[in-house]
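Read the figures in this text as sums done on the coordinates, not as results from a lab. This structure is a prediction, so every number in the text was calculated from the model and none was measured. A quick note on method: Cβ atoms are made from the backbone with ideal geometry, for glycine too, and the neighbour counts reach across all protein chains shown.
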Amino acid sequence: MSTTHVESWAVDLNTIGPIYPFVGIEGLLVIAAVIFWAGWHVIQMTAESRTYEEDLRLLEDPKTMQRAYEQAAARSKD
């Protein structure tokens, strides 16, 4: 059973032509992958920075820190 017109691979592949779909767009796919990769890192860093800043704001309040210490102490006693 063959899904292409090639019955044997023991031939000069230059005479057969393309043997897989979308031949020639590999460069575009690499560029798209690099753009996606860079974009993902920018989005991830932005989200992590936002979370980090929120955590810092919470930790700057002494009352919040005191409550956290008291809760941790209560949990360690149980």
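List of remarks:
- Residue in the stretch 13-22 that is of a type in the set (S, T, N, Q) and either under 30 Å from the mean Cα position of the chain (by Cα) or surrounded by 10 or more Cβ atoms within 10 Å (Cβ to Cβ) (or both) present: no
- Some residue of the stretch 31-44 being among the polar types (S, T, N, Q), within 19 Å of the chain's Cα centre (by Cα), part of a helix (DSSP H, G or I) and surrounded by 10 or more Cβ atoms within 10 Å (Cβ to Cβ): yes
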